[in-house]
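Remarks on the structure that follows.
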Amino acid sequence: MRNNDFQENCRLTLKIITPVNIADNTKLNSKEYLYDAKKGELYFLNQIAWHRFIFTKNLLSDYEKYMTGYDKRSLYEWLQSYGYSIDDIKPAIMAKAAAHVNVMRQTGKKTLNDIITQTKTVSGAAYIPGSSLKGVIRTSILYNLLNKNKSIQGKYWYNVKNDFAAAKAKRFYASKINNIIGRIAAQLETDLLHKLNLHDEKDKPIKSNNAVCSVMRGISISDSEYMTETIPTAILQKVDYSLINGKVKDHPLPIFRECILPSAQFAFQFKLDKTMTREIGINSVDELLKILQDYFDFINSILKEAFGRECSVLFDNITEGNIYLGSNTGFLHKTLVMALAPSRREAVNFVRDILDINFSNERNKHDGRKDTKISPRTLKATRYNGKTMLMGVGRIYKNE
């Protein structure tokens, strides 16, 4: 047999269609970056070089007071008060990003509040972790397998619906209810993906709930390699589009993310071990890409039904895509409730109830209104270069 009967190795390319943020679990507050509100530019600091500058300019005592006190000035305003500018601290500037929001015009403030930063290499270059793409692949495969196995689909919908109802009747806390649903989701993944019959060193069967039995072991993807000459990132503001009484309203929120910008391209080394993935009917990378496209189209069909009439331009701009990736892409993209439920109405009712428990504040409970078309009834978007775009759309394809 030929080697490619067992494995397929290829190079994949990810093209960014709309802004993407892969959060690195870091939030920078307004005293941890420099923001020039007039120019709309933000500067990330090399902390070692920055503190060296503070020390050599005899500003350490004043800086400590500023950092620990209630001074509402931005760090750049504080720096300027001592007569220094960006040019004076160039060795301390690690990276620069444009801020595509006029905060001064919106609020009169000269700061962007907290900023959720993009995952970067040690040298400061934005990249896409392979684990992020593998998570998208995993969800898409689960959707595909649920469509093929209606008996498992029905069984788990019955379990999750009834266990949720029982937990709700007992007035369990949201965290406990979420744990119950999480356990059901983990068992679903075991049933659908843990198809490898393995034995330990004593030749005893390994239980199927062990992660080594998952066919996802047969999918390997590297962290990204950057493919374009520059690394386009910018600070973009979160914009929610809400569906209220059949009308769509936009809500800019004081949440800012550092995003990889449209047209950026990344390369990945990809390996498909067919001896594992054939257990779930996947025998080629082309088949896997088709599964990604199917799940992307499924999510968009749900969103278009609710928002399409008034937000059609947002969907027209993502026809090239086949994945949603990263933060601020929405609840539906990362769950399988819509695929699990036997009807759209039942899924909407279930998601609405889950969200109402997790967000107990009355204001968050949809202002007393019941979702009917979709829940949660928001589109996750941002604004870039004067255009409103959905967040996190990309296209991944195989290099020929």
| Counting just the residues of region 224-247 that are in a strand (DSSP E or B) and surrounded by fewer than 18 Cβ atoms within 10 Å (Cβ to Cβ), which one comes out modelled with the lowest pLDDT? | Ile244
| message | Kindly evaluate Ser61 against the criterion of being of a type in the set (S, T, N, Q), surrounded by 16 or more Cβ atoms within 10 Å (Cβ to Cβ) and either farther than 26 Å from Tyr324 by Cβ or under 24 Å from the mean Cα position of the chain (by Cα) (or both). | response | no
| task | Taking the residues in region 248-294 that are of a type in the set (Ser, Thr, Tyr) and assigned to a helix (DSSP H, G or I) as candidates, determine which candidate is nearest to Tyr35 (Cα to Cα). | result | Thr277
| task | Select from region 293-327 the residues that are over 23 Å from Leu142 (Cβ atoms) and in contact with a helix residue (DSSP H, G or I) (Cβ under 9 Å, 6 or more places away or on another chain) and write down the one among them that is most open to solvent (accessible area, probe 1.4 Å). | result | Ser312
| From the set of residues in region 307-347 that are modelled with pLDDT under 75 and assigned to a helix (DSSP H, G or I), which is nearest to Thr388 (Cα to Cα)? | Glu310
| query | Do we find that Ser284 is under 17 Å from Ser140 (Cα atoms) and in contact (Cβ under 8 Å) with a residue 60 or more places away in the chain in this structure? | reply | yes
| request: Scan region 198-223 residue by residue and report those that are in a strand (DSSP E or B), surrounded by 19 or more Cβ atoms within 10 Å (Cβ to Cβ) and more than 19 Å from the chain's Cα centre (by Cα). | output: Ile219
| query | Can you find even one residue in region 37-44 that is touching a helix residue (DSSP H, G or I) at 6+ places or on another chain (Cβ under 9 Å), in a helix (DSSP H, G or I) and of a type in the set (D, E, K, R)? | reply | no
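The values are calculated or read from the model by the stated rules, or taken from the named source; none is laboratory data. Given the structure is predicted, the values throughout are model-derived calculations rather than measurements. Cβ: placed from backbone, ideal geometry, glycine included. Neighbour counts: every protein chain shown. Surface areas here come from the heavy atoms of the whole protein model, side chains and all, with no ligands, DNA or RNA. Shrake-Rupley method; radii C 1.70, N 1.55, O 1.52, S 1.80 Å.
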